[in-house]
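Scroll down for the structure; my scribbles are underneath it.
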Ligand SMILES: Nc1ncnc2c1ncn2[C@@H]1O[C@H](COP(=O)(O)OP(=O)(O)O)[C@@H](O)[C@H]1O
Ligand SMILES: CC(=O)OP(=O)(O)O
Ligand SMILES: [Mg+2]
């Protein structure tokens, strides 16, 4: 029985899923949170759905992974007898720069390149690398695979990824659009075509991955041709705590007025902006909805701004693609929150989008068509599964040898 461990190592957290690959079943899942902080813990879900939380002093990523492996092996909560049962480990790696257009087996050379990519993603790549190093130490004979957020978007044409700044900055520092969430955009777009029974290589698809972070991607004939996130995951949509598009002139103005340095402005735009920043309430759409119901005006404004930005990206990508065949909603918000889907699709009949509003309001988190039969654009919900996609890539790379 072939098992694959998938790891998503963030700055202070590690999420994991262990897959049984014959059945594609998740046999264990959970995560470590608050690494290096007070009150760190490991939380996981047992096969019967029961949640368990174990506190522990988890000072760094290696300790977190050791803790996870310990639980997988434990008599009480475990599901494996030996680490040898884990055939390979697949990692979510955020930034692969221009060097990777698909998933790869991790070698010393790959690790060197990942280290070079740290400059492009200082918040994301270092913890990803820590996870890779920890597995090298704890399971030295187990192959590891790196699955990049950026890889799927490497097919973008140059005119879509260039910024309007001096070309020398692209040459010197690689400043360009890279795009993220590629594993999700690739998975849901392909899955939508399977579900609808149409050939992936012949569709114009817009995928809206709307979770805590969010991005919209234009996909033509199976290839990403544009995406809303940029050199970093802060561009594009308004997100839970990230600003999305802001006039660069406003950024330098804020820095001057508020006496902010580069760290200050980065924290402001990444952690205190977006839905949280506008509403002053929360980054979580469920809490925003509750506040709207209670009559909070700024919560309402945050929601409208958020939905409007998604609509604008869909309109611009329809232009980029020369029309749309399929519109996919995914991610925590895209799958669950019907209000966002409804408002984004409102008054879009001119471009062939006719949402079945009643159906839309009654469904969540399952594969379903939510457009009317007469709608030229098929609007679908496809729950994303980045971890399964990473596990599938990992197996594929192993089998290629
Ligand atoms: N039932 C729901 N209704 C509305 N929004 C939801 C619901 N469940 C989750 N969300 C939203 O989805 C977000 C998490 O999305 P997710 O894709 O899981 O994020 P990430 O993977 O980036 O952490 C939450 O912050 C919340 O705003
Ligand atoms: C890369 C990235 O932005 O990921 P997330 O939106 O899941 O935080
Ligand atoms: Mg996400």
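None of the figures in this text is laboratory data; all of them are computed from the coordinates on show. Nothing here was measured: the structure is a model prediction, and the numbers come from that model. Positions of Cβ are generated from backbone atoms using ideal geometry, with glycine treated the same way; all protein chains shown enter the neighbour counts.
The number of residues in region 280-300 that are closer than 21 Å to residue 251 by Cβ and either away from ligand 2 (no atom under 16 Å from the Cβ) or more than 24 Å from the chain's Cα centre (by Cα) (or both) comes to 1.
Condition check ((1) within 16 Å of ligand 1 (Cβ to nearest atom); (2) touching a residue at least 60 places away in the same chain (Cβ under 8 Å)) across all residues:
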residue	(1), (2)
173	no, no
188	yes, yes
195	no, yes
205	no, yes
212	yes, yes
218	no, yes
254	no, no
263	no, no
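For residue 139, the conditions (1) closer than 28 Å to residue 205 by Cα; (2) away from ligand 1 (no atom under 16 Å from the Cβ) are fulfilled apart from (1).
Looking only at region 353-364, filter to residues that are surrounded by fewer than 21 Cβ atoms within 10 Å (Cβ to Cβ) and in contact with a helix residue (DSSP H, G or I) (Cβ under 9 Å, 6 or more places away or on another chain); which one of those is nearest to residue 214 (Cα to Cα)? Applying the filter and picking the extreme gives 364.
Of all the listed residues (184, 189, 215), the sole one being assigned to a helix (DSSP H, G or I), in contact with a strand residue (DSSP E or B) (Cβ under 8 Å, 6 or more places away or on another chain) and within 14 Å of ligand 2 (Cβ to nearest atom) is 184. The conditions of being away from ligand 2 (no atom under 16 Å from the Cβ), touching a helix residue (DSSP H, G or I) at 6+ places or on another chain (Cβ under 9 Å) and within 22 Å of residue 371 (Cα to Cα) are met by residue 318. When region 365-389 is filtered for residues that are surrounded by fewer than 23 Cβ atoms within 10 Å (Cβ to Cβ) and under 12 Å from residue 332 (Cα atoms), the ones remaining, listed by number, are 365, 366, 383, 385.
Can residue 52 be described as part of a strand (DSSP E or B) and within 30 Å of residue 150 (Cβ to Cβ)? No; evaluated as a whole, the condition is false for this residue. Touching a residue at least 24 places away in the same chain (Cβ under 8 Å), closer than 23 Å to residue 153 by Cα, away from ligand 3 (no atom under 16 Å from the Cβ) and not in a loop (DSSP other than H, G, I, E, B): does that describe residue 224? Spelling it out, residue 224 is indeed touching a residue at least 24 places away in the same chain (Cβ under 8 Å), closer than 23 Å to residue 153 by Cα, away from ligand 3 (no atom under 16 Å from the Cβ) and not in a loop (DSSP other than H, G, I, E, B). Annotation for region 24-34: at least one member residue is within 16 Å of ligand 2 (Cβ to nearest atom) and either farther than 19 Å from residue 132 by Cβ or surrounded by 14 or more Cβ atoms within 10 Å (Cβ to Cβ) (or both).
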